[in-house]
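Novice: Okay, here's the structure, questions in a sec.
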Amino acid sequence: MAADAEEGDYFVREIEKNDGFSLKVKQCYLGDVGCVVWDAAIVLAKYLETKQFYDPSSGVNVWAGRTVVELGAGTGVVGLMAATLGADVTVTDLEDLQTLLRLNIQENQALIKSGSVTAKVLKWGEDVSDFRPPPHYVLMADCIYYEQSIVPLVDSLKLLSGPETCIICCYEQRTEGVNPKVEKKFFELLQRNFNCEEIPSEKQDPEFSSPDIHILHIRRKA
């Protein structure tokens, strides 16, 4: 997507937050997988707002002051949600998605009161020294579908995460084509170094959840 993209190249998807404000997320009419808001990204974004993480009435805010890195951020919706809840977020993706990420950060800046969000390039499997010390949370929505990216993705998770890091992974289970094979390979590789815990639907947002979309908490093995 060229930096001088026209306004007409985008359409906006609004995601309502529990406080009544909405994230306004621009998507591209043309482009690859990173240019649209996928269902798993919305399920994950809304999960970050559930009472276990964020409940202003009882003073609970797990996100306040936490460092967060989002992998394969695409439009940035998940990282933007975390930033509006008070986290210090770095949304990452490839070079050609930086324009869209920056546009969406600009578009939603007014909703970010105590947190922060910046966009950076991160190619999976490459150097992560820019993201040190390890973040408190790594977020990833629908990153498991290209067979050739599985090994670098797991490498990035190993490089990024410290003993305290919680990786929250949300993905839509797809049954066609190579998808089941790719998912299986990802989890086989992952489980060598990490423990995975699936989050039951009753802990997810009641409206934004689906039997096909899974949320996992992933932590390094001790």
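Novice: Answer with one residue from Pro152, Val62, Ser22: the one whose Cα lies farthest towards the positive end of the charge dipole of the chain, charges on Cβ with Lys, Arg +1 and Asp, Glu -1.
Specialist: Val62
Novice: Heavy atoms of the protein only, probe of 1.4 Å, neighbouring chains included. What is the accessible area of Asp212 in Å², nearest 10?
Specialist: 80 Å²
Novice: If each residue of separation counts as 0.36 nm, what is the full-extension length gain between Ala64 and Thr118 once their alpha-carbon separation is subtracted?
Specialist: Full extension from Ala64 to Thr118 adds 17.8 nm.
Novice: OK, next. Write down the percent of antiparallel bridges among all DSSP beta bridges whose residues are both part of the chain, to the nearest 5.
Specialist: DSSP beta bridges in the chain are roughly 50 percent antiparallel.
Novice: How much of the accessible area of the chain, probe 1.4 Å, is carbon plus sulfur, in whole percent?
Specialist: Heavy-atom surface of the chain belonging to carbon and sulfur, 1.4 Å probe: 51 percent.
Novice: Another question about this same structure. Of the candidates Glu207, Glu107, Glu164, which one comes out as most mobile in a Gaussian network treatment of the chain with C-alpha springs shorter than 10 Å?
Specialist: Glu207
Novice: Contour minus end-to-end for Gln106 and Phe21, with contour as 0.36 nm per residue of separation and end-to-end as the Cα-Cα distance?
Specialist: 29.0 nm
Novice: Sticking with this structure for a sec: At q = 0.16 Å⁻¹, what base-10 log of I(q)/I(0) does the Debye formula yield for the chain when every alpha carbon is treated as an equal point scatterer in vacuo?
Specialist: Each listed q maps to, in turn, -1.13.
The values are calculated or read from the model by the stated rules, or taken from the named source; none is laboratory data. Note that this is a predicted model, so its numbers are computed, not measured. We place every Cβ from the backbone using ideal geometry, glycine too, and count neighbours over all the protein chains shown. Quick note on the areas: whole protein, heavy atoms, side chains included, nothing else; ligands and nucleic acids left out. Shrake-Rupley method; radii C 1.70, N 1.55, O 1.52, S 1.80 Å.
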